Structures are given as C-alpha cells and as structure tokens.
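Structure, as structure tokens:
The values are calculated or read from the model by the stated rules, or taken from the named source; none is laboratory data. Every value quoted in this text rests on a predicted model; they were computed, and no experiment measured them. A quick note on method: Cβ atoms are made from the backbone with ideal geometry, for glycine too, and the neighbour counts reach across all protein chains shown. To get the accessible areas, we keep the full protein, side chains included, count just its heavy atoms, and leave off ligands, DNA and RNA. Shrake-Rupley method; radii C 1.70, N 1.55, O 1.52, S 1.80 Å.
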Amino acid sequence: MEQVLELRHIYYSYHTPEGETPALADISFSLSKGEFIAIVGPSGCGKSTLLSVICGLLSPEKGLIRINGKYMRESTTNIGYMLQHDELFEWRTIFNNVILGLEVQHMLTAKTKEKAGELLDLYGLGNFKNSRPSELSGGMRQRAALIRTLVLDPDLLLLDEPFSALDYQTRLQVGDDIGQIIRKEGNSAILVTHDLSEAISLADRVIVLSGRPATIQQTIPLIFDLDRDTPLARRNAPEFKTYFNLIWEELNANV
Ligand code: ADP
C-alpha cells in the first residue's frame with residue numbers, strides 16, 4: 001500500500017539552560033494512504049513533540065522522515081494541522097475563516113472558493129457561511145476549523161487533541177462527526193489524544209507511547225466485525241471493551 005509517511009529511528013531532545021529533556025527515542029512507524037492512526041500515551045510523554053517533528057516545526061536529532069516517499073526537506077506535501085482550539089477569527093465570517101488558509105497559501109481561486117462552499121454545505125454549515133464564529137456552537141466551530149484544513153486538500157492531517165476543549169457530550173458527537181468526515185474525504189490522519197474511547201472509535205491502529213522520552217510501547221490494530229463501521233457502532237460493539245482494556249493495561253504498564 002502507498003505510504004504517506006515513514007518515520008525511522010527518530011530522536012528529539014529539548015535543550016534549555018537547565019539541561020536536556022529527551023522527548024522522543026527511537027520512534028519508527030509508517031502511515032498508509034487513507035489510514036487513520038491514533039497516538040496515546042501519558043501526559044508529557046512527547047506526543048505533541050512527535051506531531052511537531054512530523055510537520056517539520058522541529059527537526060529530529062537523529063533518524064529520517066519520508067513524506068510521500070521524499071525526505072522532509074525536499075517534500076512539497078501539504079500537511080494540515082488541527083489544534084485543540086478552533087482559532088477562528090471573530091472579525092471574519094465563517095466562509096472567510098474557511099478560506100483563510102487558501103488566502104495565506106495563495107491558493108484562492110474561483111474553484112477553491114467553490115470547494116469551500118461545497119464543503120460547508122455538505123457538512124451542515126451552509127446556512128452559517130455569513131455568521132460570525134460566536135454565533136456557532138463549539139462543535140460547529142470545530143467542524144468549520146476542519147473544513148478550513150480540508151479545503152487545502154492536505155495529504156496528511158495531524159490532529160492534536162482537537163476535541164479536548166469541548167464538553168463531554170459535544171466531544172462524543174463532534175469526535176464521531178469529524179472522524180466520519182475524514183473517512184469520507186479519504187484523508188490520511190494522525191490523531192493525538194488522551195481519550196482511549198476516542199482513539200478506539202476512530203482509528204485503524206493505536207500506537208501506545210511509553211513515558212518520556214516517548215518510545216513505541218505497543219501498536220494495536222483495531223479490527224471490528226461490523227456491517228457499517230462507524231464510531232458509534234464501534235462504541236457499542238463487543239470488541240470495544242476488549243481493546244479498551246488492552247490499551248489501558250499497556251498504559252498502566254508504563255507507570
Ligand atoms: P505531550 O504532548 O505528550 O503532553 P509534549 O510533547 O508536549 O508532551 O512534551 C514532552 C516533554 O517535553 C514534556 O516533559 C515537556 O516538559 C517537554 N517540553 C515540551 N516543550 C518544551 C520546550 N519548548 N522546552 C523544553 N521542554 C519542553
């Protein structure tokens with residue numbers, strides 16, 4: 001299968017006047033086209049650092065990263081990044097927020113604008129194009145933030161705890177909703193989360209990291225026997241509890 005991302009023996013440490021903090025040690029894994037990986041691990045183990053290394057914000061001390069078969073420096077791959085907070089600008093309408101990335105990357109054309117409108121219609125925000133972010137619920141805002149990322153047509157989508165600022169019920173709905181949008185659009189994605197249920201309901205594979213410096217402690221493929229593999233169907237499937245316990249034990253083996 002075509003590989004979007006390949007990490008081989010990645011190491012990264014932070015250097016401060018107080019000393020060195022190793023954050024990543026010998027991380028190797030790959031991601032196939034259309035695959036959805038969730039990364040879980042104890043707080044402060046190095047999950048966000050790993051995403052920063054993948055998107056090129058930080059350079060690894062050792063190891064190699066290939067994106068779409070090319071080394072990081074030569075790569076022209078478009079990486080989308082979605083964060084905890086939606087970062088929508090109140091002084092712009094939802095439509096103008098959604099096209100912000102297109103503007104910044106000089107990709108704003110009649111065609112890309114049309115696509116932005118289509119995605120807003122398709123994912124239930126068509127009537128809110130001219131609204132301000134404060135007029136939308138937290139879940140709708142997060143959906144708008146995802147559309148802003150998707151309209152750039154990213155080859156790889158990085159999601160860093162994107163639902164954790166939402167209350168529990170909204171979080172469930174939005175997590176399921178956004179997971180399905182990503183599947184439908186056929187994106188390759190990496191989700192960092194501390195919520196095991198979220199990881200199990202959305203991903204094809206869960207990578208469990210050890211405590212800092214993060215190493216890969218275990219990789220668990222998620223296989224569900226379902227006619228319609230949706231996040232909600234997964235939550236109600238018997239395999240869900242088995243995977244939850246398995247990952248929970250792995251995380252506690254860490255402590
Ligand atoms: P996680 O996302 O798993 O909570 P992070 O990747 O944010 O963890 O951080 C991993 C470790 O690196 C933490 O112990 C943190 O204290 C340290 N760290 C993160 N950013 C910096 C920084 N800019 N300078 C020094 N240490 C940092």
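Within the stretch 14-40, count every residue that is within 13 Å of the ligand (Cβ to nearest atom) and either open to solvent by less than 10 Å² (accessible area, probe 1.4 Å) or free of Cβ contacts under 8 Å to residues at least 40 places away in the same chain (or both).
So in the stretch 14-40, the residues within 13 Å of the ligand (Cβ to nearest atom) come out as 14-25, 27, 39-40.
Now restrict to residues that are either open to solvent by less than 10 Å² (accessible area, probe 1.4 Å) or free of Cβ contacts under 8 Å to residues at least 40 places away in the same chain (or both): 14-20, 23-24, 27, 39-40.
Adding up the residues that qualify gives 12.
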Within the stretch 41-56, the residues that are near the ligand (Cβ under 8 Å from one of its atoms) and in a loop (DSSP other than H, G, I, E, B) are GLY41, PRO42, SER43, GLY44, CYS45, GLY46
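I'd like to check which helices (runs of 4 or more DSSP H) are fully inside the stretch 79-160 and have at least 1 residues that are among the hydroxyl-bearing types (Ser, Thr, Tyr), outside the structural domain of ASP177 (by TED's automatic domain parsing) and surrounded by 16 or more Cβ atoms within 10 Å (Cβ to Cβ). Walk me through how you get there before you give the answer.
Working: elements: 94-98, 100-104, 110-122, 138-150.
Those helices (runs of 4 or more DSSP H) span 110-122, 138-150.
Can you name the residue in the stretch 1-44 that is of a type in the set (A, V, I, L, M) and more than 19 Å from the chain's Cα centre (by Cα) and is also farthest from PRO60 (Cα to Cα) among such residues? Explain how you work it out, then say what you get.
Step one: list which residues in the stretch 1-44 are of a type in the set (A, V, I, L, M), which gives 1, 4-5, 7, 10, 23-25, 27, 31, 37-40.
Of the ones still in play, those that are also more than 19 Å from the chain's Cα centre (by Cα) are 1, 10, 23, 25.
Details: MET1: 26, ILE10: 6, ALA23: 11, ALA25: 10 Å.
That would be MET1.
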By residue number, the members of the stretch 161-170 that are charged (D, E, K, R) and either within 16 Å of the ligand (Cβ to nearest atom) or outside any loop (DSSP other than H, G, I, E, B) (or both) are GLU161
Subset of the stretch 57-84, residues within 16 Å of the ligand (Cβ to nearest atom) and touching a helix residue (DSSP H, G or I) at 6+ places or on another chain (Cβ under 6 Å), comes to LEU58, PRO60, MET82
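If a residue has to be out of contact with any Leu (no Cβ under 7 Å at 6 or more places or on another chain) and on the phi < 0 side of the Ramachandran plot to count, how many in the stretch 117-141 make the cut?
The initial filter retains those residues of the stretch 117-141 that are out of contact with any Leu (no Cβ under 7 Å at 6 or more places or on another chain), namely 117-118, 120-125, 127, 130-132, 134-137.
If we keep only those that are on the phi < 0 side of the Ramachandran plot too, we end up with 117-118, 120-123, 125, 127, 130-132, 134-137.
Residues meeting the conditions: 15.
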